[in-house]
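The values are calculated or read from the model by the stated rules, or taken from the named source; none is laboratory data. Since this is a predicted model, take the numbers as computed values, not measurements. Cβ sites come from the backbone with ideal geometry, for glycine too, and all protein chains shown count toward neighbours.
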Amino acid sequence: MNPAHLGGFLLGFLPAARALLLQEPGLVEAMSRVLLHWDEELLLGALPHLRLAFTALKPREAAALGALIAKLMEGDRAESVHPWTEQDRTASRRLHERTRRALQTWGFADAQ
C-alpha cells in the first residue's frame, strides 16, 4: 500500500467518522496490522501523511485512540518483550534521527 493512500484515506475518513474509529476496535486492529508489516522506509514515508490525517482528531479523541492502541498491543507484549542490545539502541537512535529529518522536510520544524 502506498503511504500517501493510507494518509489520504484517513484524511477523508477521520473528519466524517472519527467516532467510528474509536468505537470499532477492529478498524484500529486492521490499520495496526498494515502498519506493523511495513518496513522502515515505508513507515517513514507514511509518517507525514499519518500525522496530517490524525490532526483531525480532537485531543481527547487522540488520547482515547492512543489508549485503545495500547490496550490492543498489550496482547502482543508478552511475546515481544526482550532486553535491548546495544545494536537495538543504535538502530533506534538512527531511526529517531531519520524520522526527525523526514518530519522537518515536511515543515514540522518542532520535530525532535
(message) Looking at L72, L43, L21 in this structure, which one is in a helix (DSSP H, G or I) and within 19 Å of F108 (Cβ to Cβ)?
(response) L43
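In the stretch 53-63, what count of residues is obtained for those that are in a helix (DSSP H, G or I) and surrounded by fewer than 16 Cβ atoms within 10 Å (Cβ to Cβ)? Explain how you work it out, then say what you get.
Applying the first criterion (in a helix (DSSP H, G or I)) to the stretch 53-63 yields 53-54, 59-63.
This time we only want the ones that are surrounded by fewer than 16 Cβ atoms within 10 Å (Cβ to Cβ), so: 59-60, 62-63.
Matching residues across the stretch 53-63 total 4.
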(message) Looking at (1) under 25 Å from T105 (Cβ atoms); (2) in contact with a helix residue (DSSP H, G or I) (Cβ under 9 Å, 6 or more places away or on another chain); (3) charged (D, E, K, R), which one does E29 not meet, given that it meets all the others?
(response) (1)
(request) Take G66 and decide whether it is free of Cβ contacts under 8 Å to residues at least 12 places away in the same chain, farther than 25 Å from T105 by Cβ and among the small types (G, A, S). (result) yes
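Step by step: first the residues of the stretch 64-91, then only those that are of a type in the set (S, T, Y) and at pLDDT 85 or above, then the one that is surrounded by the fewest Cβ atoms within 10 Å (Cβ to Cβ). Which residue is that?
If we take residues in the stretch 64-91 being of a type in the set (S, T, Y) and at pLDDT 85 or above, then T85 is surrounded by the fewest Cβ atoms within 10 Å (Cβ to Cβ).
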(request) Return the residue satisfying two criteria in turn: it lies in the stretch 13-26 and is among the aliphatic types (A, V, I, L, M) and surrounded by 15 or more Cβ atoms within 10 Å (Cβ to Cβ), and of such residues it is nearest to R60 (Cα to Cα). (result) L22
(request) Confirm whether L10 is surrounded by 14 or more Cβ atoms within 10 Å (Cβ to Cβ), in contact with a helix residue (DSSP H, G or I) (Cβ under 7 Å, 6 or more places away or on another chain) and without any contact (Cβ under 8 Å) to a residue 12 or more places away in the chain. (result) no
